[in-house]
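Values in this text are rule-based calculations from the coordinates and carry no lab data. Being a predicted model, the structure only gives us computed values, none of them experimental. Ideal geometry is used to build each Cβ from the backbone, glycine not excepted, and the neighbour counts take in all protein chains shown.
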Amino acid sequence: GAVVSQHPSWVICKSGTSVKIECRSLDFQATTMFWYRQFPKQSLMLMATSNEGSKATYEQGVEKDKFLINHASLTLSTLTVTSAHPEDSSFYICSAGTSGGRETQYFGPGTRLLVL
Amino acid sequence: AQSVTQPDIHITVSEGASLELRCNYSYGATPYLFWYVQSPGQGLQLLLKYFSGDTLVQGIKGFEAEFKRSQSSFNLRKPSVHWSDAAEYFCAVGTRFSGGYNKLIFGAGTRLAVHP
């Protein structure tokens, strides 16, 4: 149980294009989903938190218009990197958690983005 | 402010040897504590978690961790390491938000190498 998938697993795009990454909880309903960014050999940095049906909460320093997050259902959240540039190249990981306070976050396998 | 410190960036052990990965946290209230493992190019897998109760927590893959409030520590241990345990290990503290979810703060990670 508690499986989270991400699609695509990797993507290469040209500078200036937009890229959408999907995060799905496969066997449970996720009240809250989280998006992280991880640079090589570094820890995970939380970008934003999204609750189903409401606007995402972004961490300080994360551009809302750059990283669009939609949490349309209890099993799906999407991250769109708009007008991507080479500095946006990174490993993006989502996680999903249930409500209730003591929930555990279950992580997806990650999406590697390379912007040329 | 909440923080997690993993003092050891890189640890190398021989297969069959015991292992202890250190984690110290800074948090004003009773913390929710987690250990995750990440294999190269993969997402994070939950090893174990502590919310309350018994301070010695058993996890998957033969790992255990002990919560010591007096030392603000949550060290991860394994009595006999296998070559497949080579990975990056992250300690995290969950901070309870009014929105009803846990926001995870990660340590910098400890990379474990296992010699045959």
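Considering only C-alpha atoms, what is the centroid distance from region B:1-32 to region A:58-116, in Å? What the calculation gives is 26 Å, centre to centre.
Full extension of the chain between A:GLN42 and A:LEU116 yields a length gain of 24.5 nm, computed as 0.36 nm times the residue separation minus the alpha carbon distance.
3J(HN,Hα) couplings calculated from phi for region B:102-116 with the Karplus curve 6.51 cos²θ - 1.76 cosθ + 1.60 (θ = phi - 60°) are, in sequence order, 9, 9, 8, 10, 9, x, 6, x, 10, 8, 9, 10, 10, 8, x Hz; Gly and Pro show x. Each residue of region A:5-15 is assigned a 3J(HN,Hα), and the resulting list reads 10, 10, 8, x, 7, 8, 8, 10, 9, 7, 4 Hz, derived from the Karplus form 6.51 cos²θ - 1.76 cosθ + 1.60 (θ = phi - 60°), x at Gly and Pro. Rounded to whole numbers, the Karplus 3J(HN,Hα) couplings from phi for region B:41-49 are x, 10, x, 9, 10, 6, 8, 6, 8 Hz, using 6.51 cos²θ - 1.76 cosθ + 1.60 with θ = phi - 60°, and x at Gly and Pro. Counting Lys and Arg as +1 and Asp and Glu as -1 over every other residue whose Cβ lies under 12 Å from the Cβ of A:SER83, the net charge comes to -2.
If you take the Cα centroid of region B:58-116 and the Cα centroid of region A:1-46, the two points sit 22 Å apart.
Pop the C-beta distance of A:LYS14 and B:GLU20 into the FRET formula with R0 = 45 Å and round what comes out to the nearest 0.05. Once the sixth-power term is evaluated, E becomes 0.45. Taking the Cβ of B:LEU19 as the centre, find all other residues whose Cβ is under 10 Å away and add up their charges (Lys, Arg: +1; Asp, Glu: -1). Here the charged neighbours net out to 0. Each Lys and Arg contributes +1 and each Asp and Glu -1, all at the Cβ; summed about the Cα centre of the protein assembly as shown, the dipole is approximately 200 debye.
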